[in-house]
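Trainee: Got a structure for you, written out below as structure tokens; questions coming shortly.
Derivation of every value follows stated rules applied to the coordinates shown; laboratory data play no part. Here the structure is a predicted model, which is why all the values come from computation and not from measurement. Positions of Cβ are generated from backbone atoms using ideal geometry, with glycine treated the same way; all protein chains shown enter the neighbour counts.
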Amino acid sequence: MTVVRCDNVVHIYRAEDDDVVALRGVDLEVGQGESVALLGPSGAGKTTLLWLLAGLLRPSAGGLHVLGRDVEKLSPGALSRLRAREIGVVLQNPARNVLAYATAAQNVAQAQRIGRTRRPIGELLERAGLGHVARRPAGRLSGGEQQRLAVAIAMAHRPRLLLADEPTSQLDRASATAVIELLRDAASESGTTVVVVTHDPAVGTAFDRSLTIRDGRVGSEGKDGTEYLVVGRDGSVQLPPALQEILPPGTRAVARALPDGVELRREAE
Ligand code: ADP
Ligand code: MG
């Protein structure tokens with residue numbers, strides 16, 4: 001079953017003086033139980049895409065199906081019910097994911113009240129490396145501990161779709177690895193589909209697929225150790241940085257068909 005489907009999704013932030021085109025035609029399909037990392041430079045549109053998948057934003061154009069629902073046809077109430085019951089979200093800002101005055105354990109319990117099924121709170125906190133701070137108010141946890149708590153909260157109701165935006169940005173290597181393990185286990189044990197935004201290419205390789213977003217669209221996809229360029233609807237390809245040194249932006253190139261591909265050569269000088 002397809003859990004996420006984007007067809008030429010465009011997102012524009014409207015402002016009085018200046019519109020920002022954050023996504024300019026994203027095509028994407030993610031199946032049940034798949035885990036996908038979204039990579040890409042700052043400002044590429046990763047967070048915008050995650051918010052669209054979470055139903056926190058709606059696309060300006062294009063088709064978006066999440067968990068079999070056409071997002072465009074859902075009322076705001078239906079969309080927020082879908083999110084509460086079947087989606088777990090870790091936002092980029094750690095403090096926004098937790099209730100500061102509730103303890104870590106209460107935060108997880110709160111998240112379970114509206115979910116489908118529950119996971120044992122103690123076990124979940126233990127696996128997130130938070131067993132020793134279960135009774136501490138979330139506001140008194142460190143940034144890294146809040147980030148791990150956010151992941152535990154997002155997983156607490158066994159969502160069908162788990163979305164996390166830079167969940168390891170404040171963690172050292174060991175804690176980051178633990179969080180990635182936790183996310184991967186969600187995919188393998190519960191069949192949860194996992195989409196994680198990350199800056200860290202090492203995190204990217206831990207998942208089934210990694211998609212690199214550049215300039216508002218999916219430029220390349222890493223799978224089974226190979227990095228593939230993704231040809232856009234208009235036939236465009238984004239050359240990776242190393243190849244841009246050979247063919248810098250604005251270069252005129254001659255394209256020639258080969259039996260299994262296309263060759264690009266710089267115009268002769
Ligand atoms: P990333 O997460 O990859 O860094 P974002 O999705 O946050 O990228 O941003 C994509 C583009 O949209 C950037 O140019 C950013 O400045 C712009 N943007 C993000 N949020 C807003 C907003 N609320 N209003 C206007 N522009 C925004
Ligand atoms: Mg972001």
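Trainee: Calculate the translational D of the range 133-269 in whole µm² s⁻¹ from Stokes-Einstein, where the hydrodynamic radius comes from the Kirkwood formula applied to all Cα pairs, the temperature is 10 °C and the viscosity 1.306 mPa s.
Mentor: On the way: Rh = 18.0 Å.
Answer, rounded: 88 µm²/s.
Trainee: Quick one, what does Rg over Rh come out to for the range 13-55 if you take C-alpha atoms and the Kirkwood Rh?
Mentor: Ratio of gyration radius to Kirkwood radius for the range 13-55: 1.03.
Trainee: Ok, one more. Can you check how the C-alpha radius of gyration of the range 73-152 compares to 2.2 N^0.38 Å, as a plain ratio?
Mentor: Values: Rg = 13.1 Å, N = 80, 2.2 N^0.38 = 11.6 Å.
Working it through for the range 73-152, the quotient is 1.13.
Trainee: Taking 0.36 nm per residue of sequence separation and subtracting the Cα-Cα distance, how much length would be gained by fully extending the chain between residue 228 and residue 172, in nm to one decimal? Write out the running numbers ahead of the final one.
Mentor: Numbers: separation 56, 0.36 × 56 = 20.16 nm, distance 2.98 nm.
Taking 0.36 nm per residue and subtracting the Cα distance, the gain is 17.2 nm.
Trainee: Hey, if you put +1 on the Cβ of every Lys and Arg and -1 on every Asp and Glu Cβ in the range 103-156, which of 125, 103, 114 ends up farthest toward the positive end of that dipole?
Mentor: The one lying farthest along the dipole's positive direction is 114.
Trainee: Moving on. Given the peptides 48-60, 125-137, arrange them by the average over their residues of other C-beta atoms within 10 Å, most packed first. Don't jump to the answer; show the numbers that get you there.
Mentor: On the way: 48-60: 21.5, 125-137: 17.0.
Sorting 48-60, 125-137 by mean packing, highest first, produces 48-60, 125-137.
Trainee: On the principal axes of its Cα set, how long, how wide and how thick is the range 55-208? Give whole Å, largest value first.
Mentor: If we take the Cα atoms of the range 55-208, the spans are 45, 34, 27 Å.
Trainee: Of all the Cα-Cα pairs you can form in the chain, what percent are over 23 Å apart? Working shown, then result.
Mentor: Details: 19759 of 36046 pairs.
Summing the P(r) of the chain above 23 Å gives 55 percent of all pairs.
Trainee: Quick check: net charge around residue 97, other residues with Cβ under 13 Å of its Cβ, Lys/Arg +1 and Asp/Glu -1? Intermediate values should be presented prior to the final figure.
Mentor: Numbers: positive: 96, 148; negative: 145, 165, 166.
Its environment carries a net charge of -1.
Trainee: If you place +1 on the Cβ of every Lys and Arg and -1 on the Cβ of every Asp and Glu, how big does the dipole about the Cα centre of the range 123-172 come out, in debye to the nearest 20? Kindly include the intermediate steps, with their values, before the conclusion.
Mentor: Values: 7 positive and 6 negative charges, 51 e Å.
Here the range 123-172 has a charge dipole of around 240 debye.
Trainee: With +1 on each Lys and Arg Cβ and -1 on each Asp and Glu Cβ, how big is the dipole of the chain about its Cα centre, in debye rounded to the nearest 20? It would help to have the intermediate numbers written out before the result.
Mentor: Numbers: 33 positive and 32 negative charges, 256 e Å.
Result for the chain is approximately 1220 debye, rounded to the nearest 20.
Trainee: Would you kindly work out the equivalent ellipsoid of the range 119-205 from its C-alpha gyration tensor and give its semi-axes, the square roots of five times the eigenvalues, largest first in whole Å? Each step should come with its number before you reach the end.
Mentor: On the way: eigenvalues 73, 55, 22 Å².
Computed over the range 119-205, the values are 19, 17, 10 Å.
Trainee: Also, I was wondering about something else. So how tilted is helix 76-86 from the main axis of the chain? Cα-based, degrees 0 to 90, rounded to 10.
Mentor: 70 degrees
Trainee: If a paramagnetic tag sat 7 Å from the Cα of residue 10 along the Cα-Cβ line, which residues of the range 213-250 would have the backbone N under 15 Å from that point?
Mentor: Under 15 Å, as judged by backbone N against the label point of residue 10, lie 216-217, 233-234 of the range 213-250.
Trainee: Please find, in a Gaussian network model of the chain (springs between Cα atoms separated by less than 10 Å), the residue of 225, 191, 216 whose mean-square fluctuation is greatest.
Mentor: 225
Trainee: Take the alpha carbon atoms of the range 38-77, find their center, do the same for the range 208-269, and report the distance between the two centers in whole angstrom.
Mentor: Comparing the Cα centres of the range 38-77 and the range 208-269, I get a distance of 25 Å.
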